[in-house]
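K.L.:
First the structure, then my questions, so here it is.
The values are calculated or read from the model by the stated rules, or taken from the named source; none is laboratory data. Predicted model only: the values in this text are computed from it and were never measured. Positions of Cβ are generated from backbone atoms using ideal geometry, with glycine treated the same way; all protein chains shown enter the neighbour counts. Note: areas computed on protein heavy atoms with side chains; ligands, DNA, RNA excluded. Shrake-Rupley method; radii C 1.70, N 1.55, O 1.52, S 1.80 Å.
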Amino acid sequence: MKLPYAENHKIKMVESIKRSTRTEREKWIKEANFNLFNLRSDQVYIDLLTDSGTGAMSNKQWSEMMLGDESYAGASSYYKMKNAIKEILEFEYFLPTHQGRAAENVLFSVLVKEGDLVPGNSHFDTTKGHIEFRKARAIDCTIDEAFDTTIEHPFKGNVDLNKLEEVYKNNPIEKIPMVIVTVTCNSSGGQPVSMQNLKEVYQLSKKYGIKVIFDSARFAENAYFIKVREKGYENKSIKEIVKEMFSYADAMTMSSKKDAIVNMGGFIGLRDKELFRKASMFNIMFEGYITYGGMSGRDMNALAQGLYEGTEFDFLDSRIKQVEFLGDRLKSFGIPVLVPTGGHAIFVDAKKFFNNIPKEQYIAQTLAIELYIESGVRAVEIGTLMADRDPVTRENRYPELELLRMAIPRRVYTNNHMDYVAVALANVYERRNKISTGFKIIKEAQILRHFTVELERV
Ligand code: F0G
């Protein structure tokens, strides 16, 4: 018999998590104004809100914490991080930042100005937020297949080269500072971008003189999918694949809270010295001096170690197979999940799950609330709430997909937890026809409203 996969770690320390009753959860979610971000973590049993900063560090990462050098300038921890970035990603220059959106803030302060256009593959919400905050526009050039949750396409994160070239051709080039390729593409379901596509985006962009930036939060998961799905890469190591991927980028932003398996941290990788110099000024203003940029020495050490561990095949294999395990369980109950299952999360197609809640009543948010009340599992809406209003018309933007995302923290939960989640969602699915109304907004922020929005039942 073929041996099944199993984790490439064993457990040395545990943390208790609390169960609760349905009555308690009904009360808590109401007090939280039906916004799951407002729940206290001890009101949650299994927390699938995000895989960001929620991973379990290894014994080696923890021992690196003790070796951190907290010097203000030129700390050895800075050089440890610099070496890891040089070795794994091959960027000559880098700037530490406290997390991914801070990297976006610093880099975009140099590159993006009012009226600019920034094409890409379904920009993540903070990325889009930082573009729109500067009165520029993010243009989605993802392939059409990404918007149909039922199509089995191996690289649903791919950029549609025709859509991208249309943007390049029909606009003044000086208005397009860069294209952003997100690997894996979180917003379209943790879906990977193929090496072929990365290469073609780079070649096309070079033809027009446009910079290619990778939003790299889950670059290692992307490399894993290239290895297992793209012809010609099956015998290459993850580290070799990562090197080739980044050879097609001029710069990168990184939220290290994902694939570098740390609780906090980020950075910008750059090749161009002039761009590095310009970005350094903003880094000092917003983040801190260029050799720490919002991070402690100990955190830079853990991050460097995390980059090595996060790019090991055995780790990625067990991680991504756990995500697939949950996906398969849900599929066995007939629950409409986005296929193929992605790298870091399972995405449930909420419009297919509930077919009688109007889109104006936040379908995916309704599902997130129902799942919480059913089980104490916290997931997140990736739908109309997250899409914000159109910056010009202030009308709600209705994205093609209303998704419920269940993100799996790295090395944290067992497959028994996954099983619990699957059964919980199956219970909601069983009574789906009894749920026909959703929620309305009573308070919201101008940008990134889903974090603080307040809702009430329709
Ligand atoms: N880019 C991508 C693709 C992301 O998924 C995130 C964060 C960021 C940038 C911003 O990084 O949080 O470190 O500032 N995603 C988290 C999530 C929040 O839950 O998917 P950050």
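K.L.:
Are any of the residues in the range 260-281 more than 16 Å from the ligand (Cβ to nearest atom), open to solvent by less than 10 Å² (accessible area, probe 1.4 Å), aliphatic (A, V, I, L, M) and touching a Phe, Trp or Tyr at 6+ places or on another chain (Cβ under 6 Å)?
P.N.:
Yes: one or more hits.
K.L.:
Just to confirm my filter: which helices (runs of 4 or more DSSP H) fall fully inside the range 7-111 and include at least 3 residues that are under 29 Å from T311 (Cβ atoms) and at pLDDT below 95?
P.N.:
On the way: elements: 22-31, 59-66, 76-88, 100-111.
Those helices (runs of 4 or more DSSP H) do not exist here; none qualify.
K.L.:
Now, a different point. Mind counting the residues in the range 126-177 that are within 17 Å of the chain's Cα centre (by Cα) and either more than 16 Å from the ligand (Cβ to nearest atom) or part of a loop (DSSP other than H, G, I, E, B) (or both)?
P.N.:
4
K.L.:
Sticking with this structure for a sec: Hey, does the range 325-348 have a residue that's open to solvent by 40 Å² or more (accessible area, probe 1.4 Å), under 20 Å from the mean Cα position of the chain (by Cα) and outside the structural domain of M65 (by TED's automatic domain parsing)?
P.N.:
yes
K.L.:
Which ranges mark the helices (runs of 4 or more DSSP H) fully within the range 331-388 that have 3 or more residues being touching a strand residue (DSSP E or B) at 6+ places or on another chain (Cβ under 8 Å) and of a type in the set (S, T, N, Q)?
P.N.:
363-375
K.L.:
Also, quick follow-up: Would you list the strands (runs of 3 or more DSSP E) that sit entirely within the range 397-458 and hold 2 or more residues that are closer than 30 Å to Y5 by Cβ?
P.N.:
The strands (runs of 3 or more DSSP E) meeting that bar are 403-407.
K.L.:
Could you please find all residues in the range 115-124 being closer than 19 Å to I268 by Cβ and under 17 Å from the mean Cα position of the chain (by Cα)?
P.N.:
G120, H123, F124
K.L.:
Please state which one of E64, E104, E92 is touching a helix residue (DSSP H, G or I) at 6+ places or on another chain (Cβ under 9 Å), more than 16 Å from the ligand (Cβ to nearest atom) and under 26 Å from M245 (Cα atoms).
P.N.:
The match here is E92.
K.L.:
Turning to a different aspect of this structure: Given the criteria touching a strand residue (DSSP E or B) at 6+ places or on another chain (Cβ under 9 Å), polar (S, T, N, Q) and open to solvent by 20 Å² or more (accessible area, probe 1.4 Å), does Q305 qualify?
P.N.:
Working: touching a strand residue (DSSP E or B) at 6+ places or on another chain (Cβ under 9 Å): no; polar (S, T, N, Q): yes; open to solvent by 20 Å² or more (accessible area, probe 1.4 Å): yes.
Judged against the criteria, Q305 is not a match.
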